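The values are calculated or read from the model by the stated rules, or taken from the named source; none is laboratory data. Note that the structure is predicted; figures quoted are calculated from it, not measured. Because the Cβ atoms are built from the backbone with ideal geometry, glycine has one as well, and the counts that use them run over all protein chains shown. Please note that ligands, DNA and RNA were not included when accessible areas were found on the heavy atoms of the full protein model with its side chains. Shrake-Rupley method; radii C 1.70, N 1.55, O 1.52, S 1.80 Å.
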Amino acid sequence: MEYAIIFLPLLGSILGYLGRKLVKYFAEITTSLFVSLSAIFSIILFWKGLQTEEYGNYKIFEWISSGNFVANWSINIDPLSSVMLLVVTFVSALVHIYSIGYMSHDPHKPRFMSYLSLFTFSMLVLVVSDNFLQLFFGWEGVGLCSYLLIGFWYKKESANNAAIKAFIVNRVGDFGLAIGIFLIFFYFGTINFQEVFDAAPKFIENKLLFFGFESSLITLICIFLFIGAMGKSAQFLLHTWLPDAMEGPTPVSALIHAATMVTAGVFLVVRCSPLFEYSVTALNLVTVVGMITAIFAASVALVQNDIKKIVAYSTCSQLGYMFFATGVGAYHVAMFHLFTHAFFKALLFLGSGSVIHAFKDEQDIRNMGGIRKKLPYTYALMLIGTLALTGFPFLSGFYSKDAIIEFAYLRGSSLGNYAASIGIFTAFLTSIYSWRLFFKTFHGSYNNKNIPINETHESPFVMLAPLLLLAIGAIFSGYLFKETFIGHHSNDFWQASIFFLSEIKHDPIPIWFLFLTPTLVVISIPISYYYFIYNTKILDDFKKTNHPLYYFLLNKWYIDELYEKLFVFPLKKIGSFFWKQGDLGFIDRFGPDGISKLIKKLSNKAGLFQTGFIYDYAFAMLIGLSVLLTYLILN
Amino acid sequence: MNFPILTTLIFLPLVSSIFIFLSKVQKNDNSAIYISLFSSLATFTLSLFVWFSLDLSSSDFQFLEEKSWINDFIKFKLGVDGISILFIVLTTFITPICIISCVNSVKTRVKEFLIAILILETFMLGVFCSLDLVVFYLFFEAGLIPMFLIIGVWGGPKRVYSAFKFFLFTLLGSVLMLAAIIFIYWLTGTTDITQIYEIKIPKEYQNILWLAFFSSFAVKMPMWPVHTWLPDAHVEAPTAGSVILAAILLKMAGYGFLRFSLPMFPLASEYFTPLIFTLSIIAIIYTSLVALMQEDMKKLIAYSSVAHMGYVTLGIFTFTKQGIEGSIFQMISHGLISAALFLCVGVVYDRLHSRMISTYGGLVNYLPKYSFLFILFALAGLGLPGTSGFLGEFLVLTGAFQKNYLIAMVATFGVVLGAAYMLWLSKRVIFGNTNNSEIKTLKDVNKLETLMLVSLGLLVIYFGFYPVPLIDTVNFSVDNLINNYELAIKSKGLN
């Protein structure tokens, strides 16, 4: 069964594409069917794991063995990977089905479905790895699929650029991950997870000099691994690719850039909890980066106008939450938020897709509005998604997000308190921008000039059905799995897959604190309605009087522009310089070309001696003879 | 072993080229191609036989042949071990592909072209089989001649300049190597490599000898700053010439480092490691940046070859298992990938006669199969896991990290640049809109082209997932190499 979970998507990807010409819808049905099967098996596996608490490790075959650098292709099932399997295959199956409807007008559907399945396979390989090398394979594999899918509409220049950007920014992160792996191999002599984690306590005291700084080995390893996680999970400074990645078709955004791939970074940190736990410095760094990302992305999301970009920044911000949860040592809560987030964020993305579909590829929320009656189902589903994301009481986001804030608070350290307050404030911002998106899309007046309101239409059943399932997940997943994932007995579930150095505190939390976030979340709804629908003049005036701030947010803190000036432009300049001045201007000029010119010149000069006149030669001989004679006489 | 199997292997292509030379081939007759294809496939089969019957649990040279050539001076000595057999098989595998590629790309003097390729194959096989310095030198340098002719006769408009540049650079190094070989004979009284391994060259001469060999290998590798002949040679060479140049000729230097520099001059190798590291990372970063700015597809790939060879030299001089195995793997993998990339350029060049990136764009709309293959090899070129390009680089970097983390980090950063130039190339050639109306009339890859590219592609993926056959082949030979090196370093004070 474990093999089936992993390989069915791959098989579907290949078969579906090869057989695309056999029957209409062959690729769509094959890929969806295979991934759905994989999802069903994953649910069974997860359930079985819950009941029996038995897991296993299956070696497929040896990948590489060079000295003691050994890595196998393997399927490692433990609680952590079984949760990931569940999330990935479940969301993937729904996205596959949704895509049948969403992409129905696209001539390249089979290719699209095939890529989706291939992505699912890579992601599964990543999560079931039992060593760093296979993890790296999956890591870059999902990066590749993300690249292919972002650039799926390859005729669009912007899509191509976004695809390349995504791959290269991720490569910068992978650079960190690779260095982390080299460090681990160098000191631990192995890249197998279990062996590394078992040996970790022995290396706590190890210090090494790195660029002149003395640093603890484990800290250094964790920081580099975290750089990899930052790239994949779009954390601050390496986040720039994620909003651009929205150039891809919406189902891709839902699957890859919301529910699964971007959470790989969180997964990595949780997977390596036995290392991170030994490094306070690294954990603090994770917390800080997570916090900055959470608040940065939320602030940018406030003013964006592209419906997908808002949701993308929201993803970025929620990933920030997950990271600072890991940073304060609440790995299980991070996983819980990852789990619930997958449902409601995929729901929001696919719901946005449904809206975009209705408006015939319009993505600007300024050109929407007032269509709740035309799209009743989408409206209801998006409402659920928004409520869940904002953490409205008793929906899934409420349980997981509030738990993160509570754990940060319980940590007791000043950084923990700081993180908790940032968390609360960001929750408020999250609520504001989510309702802004929601109200501007569905409420108010109809603002689209190109498409008459009568032509907008509700999506077909094949698109709505997956949304419904996700909505059920978005409502209940928090309540149902709270005890399993983060309750008092969560250790029984996670077993050894998550490592805690010290016991997690389950102290009671002050009542005012418990009520703070939900209250903010609830009162933000009327506030948003007032400012975004009822009385928009106040905000327009605010925009006019606070130009710099507004543009600072609208242009995403100018980070893209900064990178363009700081890296892209200089690198191109340097490349040109090396080529024109280095290779052509220096090496060739003074190397082969120079030498051949010099020889030609010399031979021309030498040629002048050969005048062909006998008296010239006689004169030269005379001089030579006299020099020789003088020399002999003097000696 | 009574039957001289290596001699047969080496001279089979030569004999068939004589056969083609003597045969009367009509103008529109493909028989020359058939003969050469047949003989090169026979050579390939024979090399596979040697590979499979090689005892991999031993690091000794096998299939030894020894004949006196010049009495008491040079012996014609051949033999293979785990390292050389891989290069032999690579050579015999790439040659038939080159011959097939001639069908589309070479229109004039086909017969002579095939003769040149076959003779070149003989010389290349000779390089990888010979166990005598003089024999090695002869094969090593003789290979220049057919390559020079291939560029000079069948090349593009600036072929004469390129051919001379190629010749000048490589000759410069080889003169010094010849001097070094004579010097070694004078020192040890033999040119037999296995004997020289035993004798051990005195410490005081090692550095100078190492430099002499290095000057030849650095040019052939090519290492920065003596790499500028490569882009020009590639640009002007016909497709088959580029393929052989990138896939095999560049590997002779890497092989030379492993076969000569490391075991014969271990102390000097250690002494000059900083030099090699420096040049390697300059090669990786510098040429990656230069590759980024190229407007000519072949030049871009040529520069990327220099960068990839930077990883090879880096890996060899880490003297670690991972580094050296990674280098060997990287050389084989680069042989496959660069061959495929040059063939890919050849495919569109045959159709539109332009190598400029700006000529193309949006090929995927009209040549879907071609685009798929191109993207596959571009991804392999940037070292995507699951292709052979990844493991070589990763192993080299793992090895390098154990010696010098700073160097390894800089080299790892080259991987980011590699992604940049390869993806940007793909974007400009394959994706986007088609602006050039000629592209709309192009035909997708034909059967022969598919055969060549798919067979390379399958190997690239196969070795990406299952490199064990290659790693196992070199395992003991590399162990032996490292052990001898470490022994020599330890006994430094005693000599």
Read phi for every residue in the stretch A:516-526 and hand back ³J(HN,Hα) as whole Hz from Karplus 6.51 cos²θ - 1.76 cosθ + 1.60, θ = phi - 60°, with x for Gly and Pro.
-> 4, 5, x, 4, 4, 4, 6, 6, 5, 5, x
Using a 10 Å cut-off on Cβ to Cβ distances, tally the other chain neighbours for every residue of B:425-432 and report the average as a whole number.
-> 4
Does chain A come out rounded, prolate or oblate, given a ≥ b ≥ c as the square roots of the eigenvalues of its C-alpha gyration tensor, rounded meaning a/c under 1.5 and, failing that, prolate meaning a/b above b/c?
-> prolate
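Taking only the C-alpha atoms, wrap a convex hull around the stretch B:103-145 and report its volume per residue in Å³ as a whole number. List each step's numbers first, then the result.
Details: hull volume 2.7 nm³, N = 43.
Per residue, the Cα convex hull of the stretch B:103-145 comes to 64 Å³.
Top to bottom by accessible area (1.4 Å), largest first, where do B:372, B:465, A:167 land?
Numbers: B:372 140, B:465 70, A:167 10 Å².
So, going from the largest accessible area down, we get B:372, B:465, A:167.
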Kindly sort A:53, B:393 by accessible area of their heavy atoms, largest first, with the probe set to 1.4 Å.
-> A:53, B:393
Please calculate how many Å² of accessible area the stretch A:359-477 carries per residue, with a 1.4 Å probe and no DNA, RNA or ligand atoms counted.
-> 39
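Could you list, in their original order, any pairs among A:440/A:556; B:111/B:427; A:109/B:443; B:165/B:251; A:565/B:220; A:449/A:537 whose Cα atoms are separated by more than 30 Å? Before the final figure, lay out each step's value.
On the way: A:440/A:556 21 Å; B:111/B:427 38 Å; A:109/B:443 24 Å; B:165/B:251 19 Å; A:565/B:220 38 Å; A:449/A:537 21 Å.
Result: B:111/B:427; A:565/B:220 exceed 30 Å.
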Based on the inverse mean of 1/r over its pairs of different Cα atoms, what is the Kirkwood hydrodynamic radius of the stretch B:381-495, in Å?
-> 18.2
Say a paramagnetic label sat at a point 7 Å from the Cα of residue A:501, along Cα to Cβ; which residues of the stretch A:219-236 have their backbone N under 12 Å from it?
-> A:219
Expressed as a whole number, the average count of other chain Cβ atoms within 10 Å around the Cβ atoms of B:217-227 is 1
Mean projection area, nm², convex hull over Cα of chain B = 21.6
Put a dot 7 Å past each Cα toward the Cβ at residue A:366 and residue B:171; how far apart are the dots in nm?
-> 7.0
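Helix-derived [θ] at 222 nm for the protein assembly as shown: sum -39500 (n - 2.57) over DSSP H runs of at least 4, divide by residue count, nearest 500?
Theoretical 222 nm ellipticity from helices: -23500 deg cm²/dmol.
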Calculated FRET value between residue A:50 and residue B:352, using beta carbons and R₀ = 45 Å, to 0.05 | 0.15
Residue-wise HN-Hα coupling along the stretch B:82-96, computed from phi with Karplus coefficients 6.51, -1.76, 1.60 (Hz; x: Gly, Pro) | x, 6, 5, 4, 5, 5, 5, 5, 4, 4, 6, 7, 6, 4, x
Simple spin-label estimate for residue B:462 and residue A:630 in nanometres, 7 Å along Cα-Cβ | 7.8
In degrees between 0 and 90, to the nearest 10, how far off the longest principal axis of chain B does helix B:447-465 point, with axes built from Cα atoms?
-> 50
When ligands, DNA and RNA are left out and all protein chains stay put, how many square angstrom of accessible area per residue does the stretch B:184-258 have with a 1.4 Å probe?
-> 25
How large is ³J(HN,Hα), in whole Hz, for each residue of the stretch A:101-118 in order, when computed from phi with the Karplus curve 6.51 cos²θ - 1.76 cosθ + 1.60 and θ = phi - 60°, using x for Gly and Pro?
-> x, 5, 9, 4, 8, 8, x, 9, 3, x, 4, 4, 5, 5, 4, 4, 5, 4
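What fraction of the Cα pairs in the protein assembly as shown, stated in percent, has a spacing above 38 angstrom? Walk me through the numbers on the way to the answer.
Numbers: 343655 of 637885 pairs.
Summing the P(r) of the protein assembly as shown above 38 Å gives 54 percent of all pairs.
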Expressed in square angstrom to the nearest 10, the accessible area of residue A:111 with a 1.4 Å probe stands at 40
Positive dipole terminus of chain A, leading residue within A:225, A:311, A:582 (C-beta point charges) | A:582
The correct ranking of A:332, A:105, A:489 by accessible area at 1.4 Å, largest first, is A:105, A:489, A:332
Cα radius of gyration and Dmax for the stretch A:232-344 (Å) | 13.5, 43
Given the protein chains as shown and a 1.4 Å probe, how many square angstrom of residue B:384 are accessible, to the nearest 10?
-> 10
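For a distance above 25 Å, tell me the whole-number percent of Cα pairs in the stretch B:132-277 that qualify.
On the way: 3210 of 10585 pairs.
Cα-Cα pairs in the stretch B:132-277 separated by more than 25 Å: 30 percent.
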Dipole magnitude of the protein assembly as shown, debye to nearest 20 (Cβ charges: Lys/Arg +1, Asp/Glu -1, about Cα centre) = 3120
Interface B:A - total buried accessible surface [probe 1.4 Å, Å², rounded to 100] | 5200
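Based on the Cβ-Cβ distance of residue B:7 and residue B:433, what FRET efficiency does E = 1/(1 + (r/R0)^6) give at R0 = 60 Å, to the nearest 0.05?
On the way: r = 57 Å, r/R0 = 0.94.
The formula returns an efficiency of 0.60 here.
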Among A:18, B:477, B:431, whose Cα sits farthest toward the positive end of the charge dipole of the protein assembly as shown (+1 at Cβ of Lys/Arg, -1 at Cβ of Asp/Glu, about the Cα centre)?
-> B:431
Residue B:141 accessible area, nearest 10 Å², 1.4 Å probe?
-> 20
Solvent-accessible area per residue for the stretch A:18-112 at a 1.4 Å probe radius, Å²?
-> 42
When the dipole is taken about the Cα centre of the stretch B:178-336, and only Lys, Arg (+1) and Asp, Glu (-1) are charged at their Cβ, what size is it in debye, to the nearest 20?
-> 160
Furthest towards positive pole of dipole, A:527, A:509, A:489, structure part the stretch A:442-538, Cβ charges | A:527
Helix axis angle, B:405-429 relative to chain B longest principal axis, alpha carbon, degrees = 20
Under a point spin-label approximation (7 Å from Cα along Cα-to-Cβ), what is the residue A:445-residue A:615 distance to one decimal in nm?
-> 10.9
Got a sec? Which residues of the stretch A:564-591 lose 30 Å² or more of accessible surface with every protein chain in place, vs. that chain alone, 1.4 Å probe?
-> A:571, A:572, A:575, A:578, A:579, A:583, A:587, A:588
For the stretch A:173-225, convex hull volume per residue from C-alpha positions, Å³ = 70
Can you figure out the FRET efficiency of residue B:160 with residue B:18, using R₀ = 41 Å and their beta-carbon distance, to the nearest 0.05?
-> 0.90
Which residues qualify? For residue A:58, with a placed amide H closer than 5 Å and at least 5 residues away or on another chain, they are A:75, A:76, A:77
